[in-house]
Amino acid sequence: MIEDMTSTQLETALPLLFSQYAYNGYYTSKSYQPKFIRDFEQIILGEILALSSNFYSPVILDVGCGTGTLLDKLKKQDESLDCVGIDIAKGMIEIAKATTHPGITYIVADAEDIPEDLHNSAHVVVCKNSFYFLNPERAIEQFSKALVLGGHLALTVLYEDSNMNRLYAQGLFDVLVRPFIEFIQGDSTASNILQAHTSLSTFRYEMKVRKLMRDPISKDALVSILANNALQIERTVDALYANTRYLVLAKKKR
């Protein structure tokens, strides 16, 4: 588990493992995603677009951007957005630069040490599916530093009672069975089935990744850390999947 690793081991393991994910194409727009993930992605996308519409020339900073699929969708829907993505994994950034909208800026950087030239620059900071690997106090402090006054944080968080063993079984179901169910229901295509079963080999990577995840933070602890960094929760949205994730929308108050 993450608690058993030295800081040096952790700093090395995360970027190497996620670079491997990127190079093997597991986090690209061509990867199969179950409908529940696609639906939740659309919710997140809609929330970010709505929040950004409150600002002139909005800057969106995606922390832990991976291969840039979210920023790519945002930029394609609104060309006026100034999209910036940072990720600790060099491989993720390389694939993002090669496969997404050319107007997006990508930087190899640590979410717990966001470059100073990005401080007080973002109108919306997004951290989707990365917070679970970060030190909550350090990460949220950095998110707040990156935001302008009145800016918003969109953060996906694990429920504190998430059952990781159940998630392993759910992950196998999503790869082996769900594509066929969705195909019958008209929610996926034959190519999706091939993508899903090709990605079965990634399950061992998923096992490695989950060993690097931190224990879920309680909502009370999250509220406290946000408040200590001038951030106030305005709303949460449930992902409605295996009691795993929810979206937190917070605003920088001072």
**Item:** Qualifying lysines (Cα of each under 25 Å from Cα of K35; at least 8 residues distant if same chain)
**Value:** K73, K75, K76, K128, K208
**Fill in**
Computed from the beta carbon distance with a Förster radius of 30 Å, FRET efficiency for R210 and A98 to the nearest 0.05 stands at 0.65
**T189, T244, T67, T99 arranged by Cβ crowding within 10 Å, fewest neighbours leading** = T189, T99, T244, T67
**Fill in**
FRET efficiency for Y56 and S218 from the Cβ-Cβ distance with R0 = 41 Å, rounded to 0.05, comes out at 0.65
**Asked** How long is the gain from S191 to T236 if the chain were fully straight, where each residue apart is worth 0.36 nm and the alpha carbon distance is subtracted?
**Response** 12.8 nm
**Request:** List E94, E160, E116 from most exposed to least, where exposure is judged by having the fewest other Cβ atoms within 10 Å.
**Result:** E116, E160, E94
**Prompt:** Which net charge results when you count Lys and Arg as +1 and Asp and Glu as -1 among the other residues whose beta-carbon is under 10 Å from that of E41?
**Reply:** +2
**Complete:** Proxy exposure order for H119, H152 (fewest C-beta within 10 Å first) is H119, H152
**Asked** What net charge do the residues around I86 carry, taking every other residue with its C-beta under 9 Å from that of I86, with Lys and Arg at +1 and Asp and Glu at -1?
**Response** -3
**Estimated FRET transfer efficiency (D113, K35; beta-carbon r; R0 35 Å; 0.05)** = 0.45
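Coordinate-derived values only; no laboratory data. Since this is a predicted model, take the numbers as computed values, not measurements. A quick note on method: Cβ atoms are made from the backbone with ideal geometry, for glycine too, and the neighbour counts reach across all protein chains shown.
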